[in-house]
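One structure is given below, encoded as structure tokens.
The values are calculated or read from the model by the stated rules, or taken from the named source; none is laboratory data. Keep in mind it's a predicted model, so treat the numbers as computed, not measured. Quick reminder, even Gly has a Cβ in these numbers, built from the backbone with ideal geometry, and neighbours come from all protein chains shown. With ligands, DNA and RNA removed, areas are computed over all heavy atoms of the protein, side chains included. Shrake-Rupley method; radii C 1.70, N 1.55, O 1.52, S 1.80 Å.
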Protein chains: 2
Amino acid sequence: METKLVKTLREAIELAGLESGMSVSFHHHLRNGDYTLNMVMDQIAEMGIRNLTLNASSLFDTHLPLEKHIRNHVVSKINTNYMSAGLGRLISEGLMEEPVDFRTHGGRPRDIALGITPIDVAFIAAPASDCAGNCSGKFGPSACGSLGYAFPDAMYAKKVIVITDHLVEYPLSGWSIPEIYVDYVVEVDAIGNPAGIVSGTTKITRDPVGLIMAETAVKVIAHSGLLKDGFSFQTGAGGASLAAARFLMDVMLRDNIKGSFASGGITGYLVDMLNAGCFRSLMDVQCFDLKAVESIRTNPNHHEISAMHYASPAAASAVVDKLDVVILGATEVDTQFNVNVHTDSSGYIMGGSGGHSDTAAGAKLAMIIAPLFRARLPIVTDRVSCISTPGKDIDVLVTQRGVAVNPKNQELLLRLKDAGLPVTEMETLKHTAEKITGTPKKAVANGRAVANVIWRDGTQIDTIRSIG
Amino acid sequence: METKLVKTLREAIELAGLESGMSVSFHHHLRNGDYTLNMVMDQIAEMGIRNLTLNASSLFDTHLPLEKHIRNHVVSKINTNYMSAGLGRLISEGLMEEPVDFRTHGGRPRDIALGITPIDVAFIAAPASDCAGNCSGKFGPSACGSLGYAFPDAMYAKKVIVITDHLVEYPLSGWSIPEIYVDYVVEVDAIGNPAGIVSGTTKITRDPVGLIMAETAVKVIAHSGLLKDGFSFQTGAGGASLAAARFLMDVMLRDNIKGSFASGGITGYLVDMLNAGCFRSLMDVQCFDLKAVESIRTNPNHHEISAMHYASPAAASAVVDKLDVVILGATEVDTQFNVNVHTDSSGYIMGGSGGHSDTAAGAKLAMIIAPLFRARLPIVTDRVSCISTPGKDIDVLVTQRGVAVNPKNQELLLRLKDAGLPVTEMETLKHTAEKITGTPKKAVANGRAVANVIWRDGTQIDTIRSIG
């Protein structure tokens, strides 16, 4: 058995046989602290390779150097599930000839597994690895916890290169991705900046509007009929969502409710709920803070799950299919309950589905928390600029001025009315907002197509157009 | 999401679409305590399905009811890595029209992954499962520990049916095989008889010949140049092999040697070595006793590995590639160091490669321990009746009357001579044995082909012929 350890990234890329026109992939667990994508793309550019498809589970503004690689035709196509605002603005301004394909965290592994988006060379940023490529995110100076999104890349790419800054003796105890998928291992000085990888603590909101929404959200859950033993839950890492998790914990402890699991991106608040007995398990596809990283390393009930296990519609089943309640955000919601998380109020790309559509489709109760307006622009609108998640999958919108229930869920509507919650109509929320902010002159992005929004089943559900 | 839970095995088989001429698979972690294979095959027979290919990682005498399914043409072909003596005798007597294909524990997952032996419906006997098929061998009344050999079946079969006698709330904490691969889950009263699944304790030999061999084996290891920090080791569960493990532990503790891992089928003796600090990790594809089951459930350094991770030549790398020393058994060894573990001295099938060829190919030092004769029949012979593992992969034979080193390994020969070990020649061992036992009249199995021996790379290396 020859060693997989190669001295340089360049050598690994050469050995993997990367050529112009091929596809490379990256995962995003190092988030805005990631060094590897830029490191690899710079090396590839230097080698004269061009016209690559870049398949990244998410892209952050630390990846802004991609701009030059796009301009120089090193990268000609992007597939991703999320893109932060800096890169998003460039794409919206027409940086790329080919539209970006946005997928979901479940749709990406689906399309990789089905061969719709084949990967030639996958680059796995691994906080710990042995010489054979048994690797994990749980250990090392760049520990990020779960490597969930990297599993489809490792399993289906033609060649797999592990990049690590913490090479340990064989075998790494507690690997996530086994050596069976890994072709080459490269040691580098640092794969990321810990400050950008995980925040020390994620914080609940102190904003009174956020707190009101969080309280209302928990009341909706409490009266939904779902909050009982076996309850399962997911929430994002936004301030109001975290506040909702904390208030929910109080209710579950008070009423002695023993939930089954919480899933998705995991924060310290969910770790607290696990440790307090609110849930038996955490199903973790990505750690959001240091407390989550410490927990997944040490608590056998805090489980790493692959992106397939999390959300893939091509899997025999996935965790999202078992969700009772998910709390999600929105930049816009329309009167049909369609949700936009891709573009901002000016029409610029500044996000993406991530697991939004997947959890909304799977959960029994998909809840949007959003303030009525942000920066004097209303959130509720006649038609979202971009449909990220179709209204059919959303059950309820919680704002600081009331709760709108999707008419498809009459049972929920009755339950919330019976409970005396401030139930209202979408139209009413829209008018309330517009009374305060005035009717906005909505930005219209009507240029050429710069991005396609591909739902989790492979259907294109919207197109994002260029601005300016 | 519809439930995967179905009420009866029959319903699961129908839903999976099993038809005559297809292939079904089973894993053998419940060993001679397994109820599931007979249960499934009886059901299939009752449904009138015929001409199946049966792909089982191993078959035991508890599976003797297969005889009637073969006679009734329910099963027309068998692929397996091991077959115990009762079934073996029937095969050697010509029970089946088509030869059995014997593979290795690494060759089987290779050929499943490559589509050479496709599986239509895999049956996973799971000591614990939730309703979605997240399952494990670590929990429940029929706990068997690792489910390593079942992974390729789960991952590559067209349909996967989990059979469990311990259905737990979703999600099972500590699953081995994730729900993403599982189509149906069936609950039954019992999947196996715990007494046959794992022995309470595996015992080292008290036979003086075995003890002499074990002592010599450890001296060979100690003087091989391999016994140093980072040392990796595998041994079987035979009495002399276990004694060797225990003596090796004494040496490692005395000399403060910190090994890296022990692998393969795991016994309590290897668990003791892990706990004593002789190894950092156990890489466990199958638990042989209750102590191993308890350890894999509770010790995070005791790892379950899939059959691919253990030994597949189709994997990017496997654990066997990293082995320093493996201790293996033999029913015969010839002067070219070829080893037979398939047939007994009368030519009847009574075993199979299991991981024999895989570990021999991977290990730096592949050692055979065997007494010079058994039941007055010499073990060393001019030509083994069946080549299970080719002599090129064997480094040394240890007997109670001396040690023969394969001439290909001159370094080892010199080291052992320098150390004053009783080094001798194969021819000498053969003559010594024959002086005691007389020259045997060797049984000749010269009928039609009843089994093919397929090496781990897919090459057929021998044919076993019928007797009588």
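Looking only at residues that are over 17 Å from B:Ala143 (Cβ atoms) and touching a residue at least 12 places away in the same chain (Cβ under 8 Å) in the range B:276-302, which one is farthest from the other protein chains (Cβ to nearest Cβ)? Of everything passing the filter in the range B:276-302, B:Ala276 is farthest from the other protein chains (Cβ to nearest Cβ). Checked against (1) touching a Cys at 6+ places or on another chain (Cβ under 8 Å); (2) open to solvent by 10 Å² or more (accessible area, probe 1.4 Å); (3) away from every other protein chain (no Cβ under 14 Å), B:Met252 passes all but condition (2).
When residues in the range A:258-274 are screened for being more than 14 Å from every other protein chain (Cβ to nearest Cβ) and either open to solvent by 20 Å² or more (accessible area, probe 1.4 Å) or over 17 Å from A:Ala237 (Cβ atoms) (or both), 2 of them pass.
Determine if the range B:212-235 includes at least one residue that is at pLDDT below 95 and either open to solvent by less than 10 Å² (accessible area, probe 1.4 Å) or not hydroxyl-bearing (Ser, Thr, Tyr) (or both). Please lay out each step first, then the result.
So in the range B:212-235, the residues at pLDDT below 95 come out as none.
Within the range B:212-235, none of the residues are at pLDDT below 95 and either open to solvent by less than 10 Å² (accessible area, probe 1.4 Å) or not hydroxyl-bearing (Ser, Thr, Tyr) (or both).
B:Asn134 falls short of the stated requirement of being closer than 22 Å to B:Ala449 by Cα, touching a Phe, Trp or Tyr at 6+ places or on another chain (Cβ under 8 Å), open to solvent by less than 30 Å² (accessible area, probe 1.4 Å) and not assigned by TED's automatic domain parsing to the domain that holds B:Glu304.
For the range B:431-457, give me the residue count where each residue is of a type in the set (Ser, Thr, Tyr) and not in a loop (DSSP other than H, G, I, E, B).
Keep residues of the range B:431-457 that are of a type in the set (Ser, Thr, Tyr), which gives B:432, B:437, B:439.
Checking which are not in a loop (DSSP other than H, G, I, E, B) leaves us with B:432, B:437.
Total meeting the criteria: 2.
Criterion first (out of contact with any Gly (no Cβ under 6 Å at 6 or more places or on another chain), at pLDDT 95 or above, within 22 Å of B:Pro371 (Cβ to Cβ) and not assigned by TED's automatic domain parsing to the domain that holds B:Arg108) does B:Leu248 satisfy it? The answer is yes for B:Leu248. Scanning the range A:1-23 for residues that are buried (at least 19 other Cβ atoms within 10 Å of the Cβ), assigned to a strand (DSSP E or B) and out of contact with any helix residue (DSSP H, G or I) (no Cβ under 7 Å at 6 or more places or on another chain) turns up just one, A:Ser23. Scanning the range A:445-468 for residues that are β-branched (Val, Ile, Thr) and touching a Lys or Arg at 6+ places or on another chain (Cβ under 7 Å) turns up A:Val450, A:Ile454.
Could you grab me the full set of residues in the range A:339-373 that are hydroxyl-bearing (Ser, Thr, Tyr) and within 14 Å of chain B (Cβ to nearest Cβ)? The one that is hydroxyl-bearing (Ser, Thr, Tyr) and within 14 Å of chain B (Cβ to nearest Cβ): A:Thr359.
Scanning the range B:420-447 for residues that are open to solvent by 40 Å² or more (accessible area, probe 1.4 Å) and more than 18 Å from B:Val209 (Cα to Cα) returns B:Gly420, B:Glu425, B:Glu427, B:Thr428, B:His431, B:Thr439, B:Pro440, B:Lys441, B:Lys442, B:Ala443, B:Val444, B:Asn446. Is it the case that the range B:450-464 has a residue that's touching a strand residue (DSSP E or B) at 6+ places or on another chain (Cβ under 6 Å), open to solvent by 50 Å² or more (accessible area, probe 1.4 Å) and of a type outside the set (Val, Ile, Thr)? Looking through the range B:450-464, at least one residue is touching a strand residue (DSSP E or B) at 6+ places or on another chain (Cβ under 6 Å), open to solvent by 50 Å² or more (accessible area, probe 1.4 Å) and of a type outside the set (Val, Ile, Thr). Summed over the range A:247-270, the residues that are in a helix (DSSP H, G or I) and in contact with an Asp or Glu (Cβ under 8 Å, 6 or more places away or on another chain) give a count of 3. Among the residues of the range B:368-379, those that are crowded, with 24+ Cβ neighbours inside 10 Å and at pLDDT 95 or above comprise B:Ile368, B:Ile369.
Can B:Leu365 be described as in contact with a Leu (Cβ under 9 Å, 6 or more places away or on another chain), at pLDDT 95 or above and buried (at least 24 other Cβ atoms within 10 Å of the Cβ)?
Working: in contact with a Leu (Cβ under 9 Å, 6 or more places away or on another chain): yes; at pLDDT 95 or above: yes; buried (at least 24 other Cβ atoms within 10 Å of the Cβ): no.
Taking the combined requirement at face value, the residue does not satisfy it.
Here's the yes/no breakdown for (1) touching a helix residue (DSSP H, G or I) at 6+ places or on another chain (Cβ under 9 Å); (2) modelled with pLDDT of 95 or more; (3) among the small types (Gly, Ala, Ser); (4) within 25 Å of A:Met83 (Cα to Cα):
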| site | (1), (2), (3), (4) |
| --- | --- |
| A:Asp289 | yes, no, no, yes |
| A:Asn299 | yes, yes, no, no |
| A:His309 | yes, yes, no, yes |
| A:Val320 | yes, yes, no, yes |
| A:Asp324 | yes, yes, no, no |
| A:Asp334 | yes, yes, no, yes |
| A:Thr343 | yes, yes, no, yes |
| A:Ser357 | yes, yes, yes, yes |
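Scanning the range B:316-338 for residues that are surrounded by fewer than 24 Cβ atoms within 10 Å (Cβ to Cβ) and within 10 Å of another protein chain (Cβ to nearest Cβ) returns B:Ala316, B:Asp321, B:Lys322. Going by what's in this entry, would A:Ile191 be described as open to solvent by 20 Å² or more (accessible area, probe 1.4 Å), in contact with a Leu (Cβ under 8 Å, 6 or more places away or on another chain) and over 30 Å from A:Ala314 (Cα atoms)? Taking the combined requirement at face value, the residue does not satisfy it. State whether one or more residues within the range A:151-161 are open to solvent by 30 Å² or more (accessible area, probe 1.4 Å) and over 24 Å from A:Gly265 (Cβ atoms). Yes: one or more hits. The numbered conditions (1) more than 9 Å from chain B (Cβ to nearest Cβ); (2) surrounded by 24 or more Cβ atoms within 10 Å (Cβ to Cβ) are all true for A:Ser312 except (1).
When the criteria are applied in full, A:Thr53 meets the requirement of being surrounded by fewer than 21 Cβ atoms within 10 Å (Cβ to Cβ), of a type in the set (Ser, Thr, Tyr) and touching a residue at least 24 places away in the same chain (Cβ under 8 Å).
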